[in-house]
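Working notes for the structure below.
The values are calculated or read from the model by the stated rules, or taken from the named source; none is laboratory data. Please read these numbers as outputs of a predicted model, since none were measured by experiment. All Cβ positions, glycine included, derive from the backbone under ideal geometry; neighbour counts span all protein chains shown.
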Amino acid sequence: MFLDPVWLLLLLLVAALAVVYAGLQLRRTRFVARFSNVDLLGSVAPRRPGWRRHLTFGLLLVSLAVLSVGVAKPSRAVKVPRENATVMLDIDVSLSMKATDVLPSRFQVAKTAGKQFADVLPAKINLGLVSFARSASVVVAPTVNREQVKKGVDSLQLQNYTAIGEAIFGSLQAIDVYTKTTTAKGSKPPPRRIVLLSDGTSTVGRSVTDAIAAAKKDNVQVSTIAFGTPNGTVTDRGQTVLVPADNATLARIARETGGSFHTAASEQELRDVYSDIGSQIGYTTEKRDISWSFLLTGVLFLFAAGGTAMLWSGRLV
């Protein structure tokens with residue numbers, strides 16, 4: 001990509017010089033062919049090793065071409081940490097998280113990976129923590145203090161039911177409160193995201209549909225993680241109950257809010273998912289001007305052209 005591409009038109013002039021040079025060389029060849037006394041021509045015409053002359057001009061053309069590209073300001077995409085953003089990490093603490101299809105248990109793995117996620121995000125991003133079961137609870141308000149978030153994760157306890165909608169509403173409220181207290185009036189708020197992990201189906205609280213509408217209204221993307229295997233089970237009152245994640249609902253939340261949907265059926269997969277989401281949320285892509293490298297290369301070729309001209313003919317032209 002180029003920041004000032006109009007300067008690439010200079011390449012047309014470089015191409016024109018190449019055509020003119022080629023034409024002159026062809027004309028010179030024809031002149032030599034028409035000269036009847038070749039020995040006399042050799043005595044009156046200066047001896048110039050052809051390949052050396054061509055090399056010098058070739059270096060000059062390369063120099064002009066590279067310099068033309070340089071003044072057009074070529075750029076490349078660079079990932080840089082966000083200077084400011086607010087992220088809420090929502091972790092399901094329903095009893096289905098006791099399932100041991102992911103060893104030692106879904107709950108323990110989720111807590112370990114959640115703390116890893118806190119370390120993945122750039123230091124200047126504000127991270128909050130929400131737990132949800134029967135209802136949602138803001139365990140840690142958005143903060144740059146990662147140790148506070150990790151302690152919050154360690155304090156999580158399992159409870160009954162699953163309220164995915166309430167988790168989103170709770171996160172939106174925490175984000176809103178934090179944004180109002182830290183953003184100057186009239187200023188554009190920083191990017192805001194929710195990362196929600198669940199292993200089951202929403203059973204209580206406000207509907208997921210209403211939560212999606214609220215997130216879209218506040219322009220907050222929700223990335224979701226369906227955690228666990230389809231064959232995970234827990235024991236309830238002596239009965240073995242299958243507890244698969246509701247992939248369809250979680251995928252819908254992500255799709256309709258502009259987030260990303262992920263599945264994780266092992267500890268390593270969950271770590272990878274959190275790392276991927278952290279990279280998406282924590283970094284942005286910027287264009288960096290790299291014209292200096294082209295300009296430097298062009299100047300080096302220019303010196304090379306001048307050097308060969310001085311070495312082989314004792315003059316620059």
Q. Can you tell which of LYS180, LYS188 is at pLDDT below 95, in a loop (DSSP other than H, G, I, E, B) and surrounded by fewer than 19 Cβ atoms within 10 Å (Cβ to Cβ)?
A. LYS188
Q: Could you look through the range 20-68, keep only residues that are modelled with pLDDT of 75 or more and in contact with a Ser or Thr (Cβ under 8 Å, 6 or more places away or on another chain), and pick out the one that is farthest from THR308 (Cα to Cα)?
A: VAL66
Q | Only one of ALA226, ALA214 that is assigned by TED's automatic domain parsing to the domain that holds ALA141 and outside any strand (DSSP E or B) | A | ALA214
Q: For the range 281-292, name all the residues that are aliphatic (A, V, I, L, M) and crowded, with 19+ Cβ neighbours inside 10 Å.
A: ILE281
**Q.** Among (1) farther than 27 Å from THR209 by Cβ; (2) surrounded by fewer than 21 Cβ atoms within 10 Å (Cβ to Cβ) - the single one GLN173 does not satisfy
**A.** (1)
Q. Would you pick out the residues in the range 82-105 that are of a type outside the set (S, T, N, Q) and touching a strand residue (DSSP E or B) at 6+ places or on another chain (Cβ under 6 Å)?
A. ARG82, VAL87, MET88, LEU89, ASP90, ILE91, ASP92, VAL93, LYS98, ALA99
(Q) Where the second residue is assigned to a helix (DSSP H, G or I) and the first is of a type in the set (Val, Ile, Thr) and lies in the range 8-26, which pairs have Cβ atoms under 8 Å and are six or more apart or on separate chains? (A) VAL14/LEU61; VAL14/LEU64; VAL14/ALA65; VAL14/SER68
**Q.** Members of the range 97-114 found to be small (Gly, Ala, Ser), surrounded by fewer than 24 Cβ atoms within 10 Å (Cβ to Cβ) and more than 16 Å from LYS151 (Cβ to Cβ), listed by number
**A.** SER105
Q.
surrounded by fewer than 16 Cβ atoms within 10 Å (Cβ to Cβ) and in contact (Cβ under 8 Å) with a residue 12 or more places away in the chain: which single residue out of SER155, SER94, SER137 fits that description?
A. SER155
Q) Looking only at residues in the range 81-131 that are acidic (Asp, Glu) and in contact with a Lys or Arg (Cβ under 7 Å, 6 or more places away or on another chain), which one is farthest from LEU270 (Cα to Cα)? A) GLU83
**Q.** Residue in the range 241-280 that is surrounded by the most Cβ atoms within 10 Å (Cβ to Cβ), counting only those that are of a type in the set (Val, Ile, Thr) and either assigned to a loop (DSSP other than H, G, I, E, B) or modelled with pLDDT of 95 or more (or both)
**A.** ILE253
**Q.** Test: residue in the range 115-129 that is polar (S, T, N, Q), assigned to a helix (DSSP H, G or I) and buried (at least 22 other Cβ atoms within 10 Å of the Cβ)
**A.** no
